[in-house]
Every structure is written in structure tokens, then in C-alpha cells.
Amino acid sequence: MSDIASLGNLSGKRVLVRSDLNVPLDGTTITDDGRIRASVPTITQLSDAGARVVVTAHLGRPGGSPDPRYSLEPVARRLSELLGRPVVFASDTVGASASEAVAGLEDGGIALLENVRFNDGETSKDDAVRGAFADQLAQLADAFVSDGFGVVHRKQASVYDVALRLPSAMGGLVAAEVDVLRRLTEHPERPYVVVLGGSKVSDKLGVIDNLIDKADKLLIGGGMVFTFLKAQGHEVGKSLLEADQLDTCTRYLAEAADRGVEILLPTDVVVDTAFPSGDRAPEPRVVPASEIPSDALGLDIGPDSAAAFAAALSDARTVFWNGPMGVFEVEAFADGTRAVAEALTKVDGLSVVGGGDSAAAVRQLGFDEAAFGHISTGGGASLEFLEGKELPGIAVLERD
Ligand SMILES: Nc1ncnc2c1ncn2[C@@H]1O[C@H](COP(=O)(O)OP(=O)(O)OP(=O)(O)O)[C@@H](O)[C@H]1O
Ligand SMILES: O=C(O)[C@H](O)COP(=O)(O)O
């Protein structure tokens, strides 16, 4: 597989780097800069080699047109601080500002382009539309480095199509992530427990199918819980729900039972009558998972469930955890996530935390990163890797 050295002498060359700078924001304040820090070594390496470094990245899911709430401008400032070098911010991705920023770079200089998802070509399902946008991106550079591990599972223009158009290489972050995750796919020590949570329910429900074949236990928390509870015939009030996935959840539960794989769902949940927002004090209440009131929504796993999850993790030799157990950003709904994180720190074996918010959660809740075997920058990406799926952003670099 081609690494950066395979691109030859980079001095004076324009190198487009796809990083994953999708960090949590509170307004314009970055609440966890882990993904920016993880991107620094490759950008520094390229800049030190004399390349003119053009960084492209996304923030959130703005839906294909500019939306100031998802601007990368605050990220450019933080990136510059962490690099200890200036970063020129372009206010568009492939327009006049981007061309000007790139043209103005000196050898070793660094530019960050505005959110690549402000362009509908980036995420289009139409190959021609994506390709046309990738052509524009490719015009800004002489070579491409894929370093955004968190997005390598996305067949998107800045991850996949641009690599078809430029001499391309894998950045050190992607290579390092793949190395660690491979240890989880090749003969994991058992029991092997996978913990799933978070809010990208439709993305992550799909991975359960394959994980049933691989893990010994699946612990389910976060927003995914409610589609399972509903599939079991319980009311879930105003909680997150993927109504078209009820049959799928029923099938998963049956398949897991057939194959002797334990799926652990919470037996109690912490609810409130509204999603937490700045101007209202939370009113958390613990209710049985089978009795969520119609005017309430589940925002964390309850204390009994947190204890049961911790117990289920106590004899694990391999653990992969993606997705917070609740809305950990608000202290009233952080206990489930805290309990699972605590249990992971005690695992006698390999524990891996994956995902932007999951990694942010362990740091925000005050855990020492060194207490975990590995903290991955990719959530969905690492899950799909563990499933054994081909990841478009990696496959495109490995083609002949
Ligand atoms: N019950 C719930 N209802 C709504 N949101 C929830 C619930 N539980 C957790 N969340 C939210 O899930 C979000 C994180 O989910 P997500 O699936 O994006 O995880 P992640 O670790 O960032 O993975 P990835 O890297 O794939 O995005 C957090 O912001 C958290 O508040
Ligand atoms: O947060 C993530 O997992 C990555 O940045 C990918 O984001 P996406 O799920 O919106 O593609």
C-alpha cells in the first residue's frame, strides 16, 4: 500500500490532504479537539517536506449547501495553534477563494478549505456529479493524501473520487488506525464484547447484522435502544426511533438467540420531557425501559442497566465501544457513558473506543486516555472495518 514516501519529492508540490476535522462544537467553540490533534502529524510531515499543503475536511452534515453553523473557520484557528504554523482559511472549497489561497502558498505553507459538504457534489450518489466535483478538487493539487480515517467508509468525492484522479497515498493516521483495528478482526481474544450507542441510528443498526457473527456479546445503549424496545412491543414516547427498522431489530434478536450471542438491552432508562437545551434545566427521571411515558424521551441508560453493562464487560478480553450511552454532553445524562468508560478502563485485554463523540466523551468525563488500549478517530468507519466490509476510501488506495 502506498505511503507518503511513494509520492516522491514533495518540495513545491501541491498536496491535497483529506483529514477528518469533524469535531463537536458549541456555537463556534470546539468542545473537543481530538480529531484536529490527530491530523497534525501528517500535515506537519507534508509541510516539513516542503509541500504546499491543501487540507480538505467536512464538519457535520450541512446537506450540500453553505450553512455558517458548519463553517470550518474555528477549526482553522485551532489547527493553526496546534501546528504552531499559519493556516490560510479559504471561504469556499473549489471557488475563487480556494484557488487564491492555494496559489498564494509558499513551499511548506498550509491552507484549509471551507467545509467540503457545502458542495452537493461531495456526497452525491450520482457518480458523474461526484466526479465533476472531484475534478474541481483535483485541479487544486498535484497529489492526494488520505488521512481522514473517520470518513474512509464514505464513497464521497474528497475521500474516494479524488484518489482516482491524482497520485495518491495513505496518511500515517489511517495506516495506524488500520494496524490497531486489524488486531480486533484477526483472532480477537474472547470473550469479545461490542458496545454500541450514539445517535447515528440508521447507520449503525446495519452493522449489527455482521457483528452478531463476530462478537460474543453486544451491549446496546444510546439512541439505538428505542427501536429495539419498540420492536419488543414497548412504547418509547418521543425517543429516537427508526420506525422502518423494527422488523430488522426483531430479526437481529432472533438471530442472536439462535447463534448463542447475547444482546443486552437496558432494563431502565433516564428520561426527560424534552431534549436538553441551554434555557431549560434538565428534569431527569429513571423509568423501567418497558414503561417510557408517552410525553418523555430516553436520554441515557438507567443505573441498573449501567451496572449490568459494567458486569457484562468485567470478564471481556477484547472490547470495542462506539457511541455514547446517552446525551453525555449534559451531566444529568452522562452516568451511563461514565459507567461504560469506567468498565473499559478495567478490561484485562484490548479495549478500543471509536468515534468522534465517544472519544470526546471519555476525555470530557475526565478519563486518562492511556487507560484505554486505543482511541480511534473513526466511529462508523471502525465499525465497518470490524464487520470486514471493504471501505471505499481504503480500497481506492489499494487498487492496481
Ligand atoms: N438516547 C439518545 N438520544 C439522542 N441522542 C443520543 C442518545 N444517546 C446518545 N446520543 C447522542 O449521540 C451522539 C453521538 O453519536 P454518534 O453516533 O455520532 O457517535 P460517535 O462516537 O461520534 O460516532 P461517529 O464517529 O460514527 O460519529 C452524542 O452527541 C450523544 O448526545
Ligand atoms: O463523525 C464521523 O463519524 C465522521 O466524521 C464521518 O461523519 P459522517 O457520519 O457524517 O459521514
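The values are calculated or read from the model by the stated rules, or taken from the named source; none is laboratory data. These numbers come from a predicted model, not from an experiment. Glycine gets a Cβ as well: all are built from the backbone with ideal geometry, and neighbour counts include every protein chain shown. SASA here: full protein model, heavy atoms, side chains in, ligands and nucleic acids out. Shrake-Rupley method; radii C 1.70, N 1.55, O 1.52, S 1.80 Å.
Table for the structure above
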item: Selection count, segment 231-267, where residues are assigned to a helix (DSSP H, G or I), of a type in the set (D, E, K, R) and touching a helix residue (DSSP H, G or I) at 6+ places or on another chain (Cβ under 6 Å); result: 1
item: Residue check for LEU166: of a type in the set (A, V, I, L, M, F, W, C), open to solvent by 20 Å² or more (accessible area, probe 1.4 Å), away from ligand 1 (no atom under 16 Å from the Cβ) and in contact with a Leu (Cβ under 8 Å, 6 or more places away or on another chain); result: yes
item: Filter result for ARG190 (in contact (Cβ under 8 Å) with a residue 12 or more places away in the chain, within 13 Å of ligand 2 (Cβ to nearest atom) and not in a helix (DSSP H, G or I)); result: no
item: Selected residue (only one of GLY198, GLY150, GLY206, GLY131 is under 25 Å from ASP92 (Cα atoms) and within 16 Å of ligand 2 (Cβ to nearest atom)); result: GLY150
item: Selected residue [open to solvent by less than 10 Å² (accessible area, probe 1.4 Å), of a type outside the set (Gly, Ala, Ser) and within 14 Å of ligand 2 (Cβ to nearest atom)] from ILE110, ILE36; result: ILE36
item: Residues of segment 81-98 that turn out to be surrounded by 15 or more Cβ atoms within 10 Å (Cβ to Cβ) and touching a residue at least 24 places away in the same chain (Cβ under 8 Å), as a count; result: 11
item: Residues located in segment 256-269, provided they are more than 13 Å from ALA215 (Cα to Cα), surrounded by 13 or more Cβ atoms within 10 Å (Cβ to Cβ) and not polar (S, T, N, Q); result: LEU265, PRO266, ASP268, VAL269
item: Of all residues making up segment 353-400, the number that are within 15 Å of ligand 2 (Cβ to nearest atom), in contact with a Gly (Cβ under 8 Å, 6 or more places away or on another chain) and either farther than 25 Å from LYS214 by Cα or open to solvent by less than 40 Å² (accessible area, probe 1.4 Å) (or both); result: 17
item: Long-range neighbours under 8 Å by Cβ, at least six apart or interchain, first residue among the β-branched types (Val, Ile, Thr) within segment 238-256, second surrounded by 16 or more Cβ atoms within 10 Å (Cβ to Cβ) and assigned to a helix (DSSP H, G or I); result: THR248/LEU205; THR250/ALA231
item: Selected residue [at negative phi, away from ligand 1 (no atom under 16 Å from the Cβ) and buried (at least 24 other Cβ atoms within 10 Å of the Cβ)] from ALA157, ALA143; result: ALA157
item: Hits in segment 52-74 - residues which are surrounded by 14 or more Cβ atoms within 10 Å (Cβ to Cβ) and within 12 Å of ligand 2 (Cβ to nearest atom); result: ALA57, HIS58, LEU59, GLY60, PRO62, TYR70
item: Segment 101-122 residues that are closer than 21 Å to ALA134 by Cβ, paired with ones that are aromatic (Phe, Trp, Tyr) (beta carbon under 7 Å, 6 or more apart); result: LEU112/PHE89; ASN115/TYR70; ASN119/PHE133; GLY121/PHE133; GLU122/PHE133
item: Residue check, GLY222 under 17 Å from the mean Cα position of the chain (by Cα) and either within 14 Å of ligand 1 (Cβ to nearest atom) or in contact (Cβ under 8 Å) with a residue 12 or more places away in the chain (or both); result: yes
item: Pair list, Cβ under 7 Å, 6 or more apart: segment 197-211 residue open to solvent by 40 Å² or more (accessible area, probe 1.4 Å) and at pLDDT below 90, other residue more than 13 Å from ligand 2 (Cβ to nearest atom) and outside any helix (DSSP H, G or I); result: SER202/GLU242; ASN210/GLY388
